[in-house]
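Structure first, commentary second.
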Amino acid sequence: MRMSKKKEIVPKFRFPEFQRDGIDFVHGNKLFKSITNKNHNSDLSILAITQDQGAVPRDQIEYNVTVTDKSLSNYKVVEVGDFIISLRSFQGGIEYSRFKGICSPAYIILRKREENISELYYKYFFKTWRYIQSLNRNLEGIRDGKMISYSRFSSVKVPYPRSFKEQQKIADCLSSIDELIDAESRKLKALEKYKKGLMQKLFPAEGKTLPEWRFPEFQGCGEWKSKSIGKACKMFSGGTPDTSKKEFYGGTIPFIRSAEINKSSTELFITEEGFKNSSAKMVKKGDILIALYGANSGEVALSKIDGAINQAILCLRHETNNVFVYHYFTHMKNWIISKYIQGGQGNLSGQIIKSVNLYFPKAEEQQKIADFLSEIDTMITGQSNKVEQLKAHKKGLMQGLFPSFEEADV
């Protein structure tokens, strides 16, 4: 009887020079060993294990956890190129370390067994969603924060291109995309910083009635006039239809919640019946929305859609220029938070916002400032979209450059 040849499992995208090279699928422990080296004098940097930067020294990021000298003696040594298993519920994978340091003994440190294993290849592979799903599959207790064990890591197969050069080529390709994303992200931050600096010049500083900079045509036009938000704007907040009544939900009215004030779509929709039988209020595209409660308390946005708001959102409609007030509030956001939301805890209220005083020039100058800052916003939005497109491109590349290892009997 003729034996059927086992199908070769290859990635969707492959560099031409490696088309004939094989890819093996091996258990994780065949490539990486668990390291428990505690031989140090506590003189190495303590590493924080983060999802966005990997393993980094704690003094490079905001990290408020203190460690006693006695505890430090049990910390494990991490070498450059090691991996740290940090996968818990809702976390993003196994983290790579660009630094030598020490980390908590609660973490599992992985180190490659041979030189012909590219740690950068696996830096990207360990972040693929399919691999993360495989690590989590049928694992009880993960939602309680249980760490992935070395045994579990060892039980899941990973791809191993036999050509070390192919591993390197894939790593180099993805690294180049990362460098591009990093460069474009820096441009985005520079634009955001530029706008922030402009607002500091174009709006009066605390205790002042005039800004430091004015457009030439408005020089000598006199002081700006003080006016409270309560007098300058129409204000209202909304409400939430009874969640126990299914007939109130699934309609055609977008229901905007506080985390969605800057979005052009909503997760929830309510019915006309739900709207009429609740305190929900309708806002129009271009209205000013301020988040009163929750993690984004103090955030401000111009509504991108017509929709209904709940009680966690305050809507403002200025008598002449919503966009001017929006930029002004964006400028004052940190001041409002520091004054009314102590230590980042607490909520705003309509009464607080109502009492805030702003300074207003004549309508023509308001429009000039609003148009100028909106042009910067357009640039920021364009740059932000560029970064997101690059990230999506990288995600697609990662899906194509790594084989679908579910087929390899993992």
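The values are calculated or read from the model by the stated rules, or taken from the named source; none is laboratory data. From a predicted model like this one, the values you see are computed outputs, not experimental measurements. Methodologically, a virtual Cβ is constructed for each residue, glycine included, from the backbone with ideal geometry; neighbour enumeration extends over all protein chains shown. All accessible areas refer to the heavy atoms of the entire protein, side chains included, with ligands and DNA or RNA removed. Shrake-Rupley method; radii C 1.70, N 1.55, O 1.52, S 1.80 Å.
Quick notes
Let's see how each residue does on (1) at pLDDT 95 or above; (2) under 24 Å from Ala291 (Cβ atoms); (3) more than 20 Å from the chain's Cα centre (by Cα):
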site: Val356; (1), (2), (3): no, yes, yes
site: Gln367; (1), (2), (3): yes, no, yes
site: Ala370; (1), (2), (3): yes, yes, yes
site: Ile376; (1), (2), (3): yes, yes, yes
site: Asn385; (1), (2), (3): yes, yes, no
site: His393; (1), (2), (3): yes, no, no
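- Conditions (1) modelled with pLDDT of 95 or more; (2) open to solvent by 70 Å² or more (accessible area, probe 1.4 Å); (3) in a helix (DSSP H, G or I); number of the one not met by Lys201: (2)
- Any helices (runs of 4 or more DSSP H) falling wholly within segment 15-128 and containing at least 3 residues that are modelled with pLDDT of 90 or more and open to solvent by 20 Å² or more (accessible area, probe 1.4 Å): 119-125
- A residue that is in contact with a His (Cβ under 9 Å, 6 or more places away or on another chain) and open to solvent by less than 30 Å² (accessible area, probe 1.4 Å) occurs nowhere in segment 162-175.
Conditions (1) basic (Lys, Arg); (2) at pLDDT 90 or above; (3) closer than 24 Å to Phe372 by Cβ, marked per residue:
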site: Ala259; (1), (2), (3): no, yes, no
site: Gly274; (1), (2), (3): no, yes, no
site: Gly294; (1), (2), (3): no, no, no
site: Glu299; (1), (2), (3): no, yes, yes
site: Arg317; (1), (2), (3): yes, yes, yes
site: Thr320; (1), (2), (3): no, no, yes
site: Phe329; (1), (2), (3): no, yes, yes
site: Trp335; (1), (2), (3): no, no, yes
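- The condition (being open to solvent by 20 Å² or more (accessible area, probe 1.4 Å), within 28 Å of Ile270 (Cβ to Cβ) and among the polar types (S, T, N, Q)) is satisfied by just one residue among Ser349, Ser404, Ser374: Ser349.
- Only residues that are open to solvent by less than 30 Å² (accessible area, probe 1.4 Å), more than 25 Å from Gln366 (Cβ to Cβ) and in contact with a helix residue (DSSP H, G or I) (Cβ under 8 Å, 6 or more places away or on another chain) were counted in segment 224-249, giving 2.
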